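Remarks on the structure that follows.
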Amino acid sequence: MSIPAYHRDCYLTELTADVVTIGEEDGNPFAVLADTLFYPEGGGQPADHGRLGGAEVLDVQRRGEEIRHYLSRPVGEGPVRLELDWSRRWDHMQQHTGQHVLTAVALRDFDWRTTAFHLGAEWSDIELDAPRLDRADLYRLEEAVAREIHAARPVDYRTAEVSDFERLGVRSRRLPEGFEGTVRLVDIEGLDLNTCGGTHCRSTAEIGLLCLLGTEPMRGGTRVFFVAGDRVRRRMAAHEDRNLQLRSLLDTGDDKLSEVIALRLDREKELARAVRRLGEELADVAAATLCADDAQLLDAHWQDRDMAFLQRVGRTIAEAAPDRRALLSSESEEGAIFLVVAGESSGLNIGEAGSAIAAALGGRGGGRGTIYQGKADSLRDRDHALQILRDA
Ligand SMILES: [Zn+2]
């Protein structure tokens, strides 16, 4: 293949080409073509998708000199119809061309060099060798990019010898060590000339809009997240939908959303504290009521209590009535929990008694000192457990 169709014309969406090699790699059928519309993953840009004959093109990768099209099912050799998933490609062209403008402006106006680019499914990022960017930096960078988009600079291609790069002012990405010969250059008129094998819009105007989303520190630099083109509208629509839901849920306007949510969260924390205090008071009352009974073996069951409640009741009993034993339990939708209490002078070995009770309930647990706690699927055999505690 001399110059593949995706390089000759980034806007070509259909083509007939010959399948020249077919094969299988790790169980995935692939085809190599005499010419192709499908961009193979590289330079931070993901592979194109589409259809090849009746098969779906799931991935496209370079393997040495070959471009392999990984397919949903095998195809035969000979001529085949190629159809590009244009919405995916167009999106990639907008993000990728946007990245070129962002990178060029960051270097020209701020002296921040781009060290990496990653085109993601939701957003993309570039890595800059700038130590830190604040909100004002991002705003200035975004504004400068917007001006270059408005300038509708034509994007074109040419080739050059590596030896001419310096004279031409080419911004070169990593070329293989010792590489010599002719390289494809992307020329954004008056803004940037650089080595790139990706697919691009024909004018910066087609980027439409580029929005910087935020930054993240990384080793020796800063990662800058962005969206460009039609993604900006989709993201804006998603934000609007979310805000509409929040406005309706919280019964307030956009400008008050954060304030109202912060107030609600504070209130929730206060309520959680109040519920915890009430739970503790309830546990203390429950323990006192149990201890008021003369029986040596105390027995209580509640619905929907947590382990913290049982523990507080159990600890209080062990301190207030060290000669008693107790079985405390609770059941909820999540299953059953139980607590065995043996006061210091109750004459009970808590480990042995607890294990025997856990086994009787078909559950498991652990304990030391005066408390053994455990979980079980149900309390069907609770009477049996009580008998064990009585006899131990
Ligand atoms: Zn490019």
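The values are calculated or read from the model by the stated rules, or taken from the named source; none is laboratory data. Keep in mind that what you see is a predicted model, and the values were worked out from it rather than measured. Ideal geometry is used to build each Cβ from the backbone, glycine not excepted, and the neighbour counts take in all protein chains shown. Each accessible area value is taken on the protein alone, full model and side chains, heavy atoms only, with ligands, DNA and RNA left out. Shrake-Rupley method; radii C 1.70, N 1.55, O 1.52, S 1.80 Å.
Numbers below:
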| quantity | calculated |
| --- | --- |
| Listed residues 17, 130, 262, most fluctuating in the chain (Gaussian network, C-alpha, under 10 Å) | 262 |
| Alpha-carbon centroids, the stretch 1-19 and the stretch 114-131: separation in whole Å | 28 |
| Chymotrypsin sites (Phe, Trp or Tyr not before Pro) restricted to DSSP loop in the stretch 179-259 with at most 11 other C-beta within 10 Å | 179 |
| Signed unit charges on C-beta, dipole axis of the chain, positive-most listed residue 320, 385, 165 | 320 |
| Most mobile listed residue (119, 82, 297) in the chain, GNM with C-alpha springs under 10 Å | 297 |
| Accessible surface of the chain [probe 1.4 Å, protein heavy atoms]: carbon and sulfur percent | 48 |
| Student exercise, the stretch 148-256 dipole from Lys, Arg, Asp, Glu Cβ charges, in Debye to nearest 20 | 320 |
| Lys/Arg +1, Asp/Glu -1 at C-beta; the chain dipole; positive extreme among 339, 33, 361 | 339 |
| For the chain: relative contact order, % (alpha-carbon pairs under 8 angstrom, 6 or more apart) | 10 |
| Accessible area (Å², per residue) of the chain, counting only protein heavy atoms and a probe of 1.4 Å | 54 |
| Residue range of the chain that is longest and free of GluC sites (Glu not before Pro) which are both DSSP loop and sparsely packed (at most 13 other C-beta within 10 Å) | 181-332 |
| Given charges at beta-carbon only (K, R positive; D, E negative), |dipole| of the stretch 76-182 in Debye | 220 |
| Mean separation of Cα contacts under 8 Å (6+ apart) over length of the stretch 96-156, as relative contact order % | 29 |
| Positive dipole terminus of the chain, leading residue within 5, 232, 138 (C-beta point charges) | 138 |
| Residues residue 134 and residue 271, FRET efficiency given R0 of 30 Å [Cβ-Cβ distance, rounded to 0.05] | 0.20 |
| Relative contact order %, the stretch 17-87, counting alpha carbon pairs below 8 Å whose residues are six or more apart | 37 |
| Most fluctuating residue given options 167, 135, 68, as computed from a GNM of the chain linking Cα atoms under 10 Å | 167 |
| Assigned charges on the beta-carbon of Lys, Arg, Asp, Glu; the chain dipole about Cα centre (debye) | 460 |
| Theoretical FRET efficiency, 1/(1+(r/R0)^6), r = Cβ-Cβ of residue 248 and residue 34, R0 41 Å, to 0.05 | 0.10 |
| Alpha carbon centroid spacing (whole Å) that separates the stretch 336-355 from the stretch 163-239 | 69 |
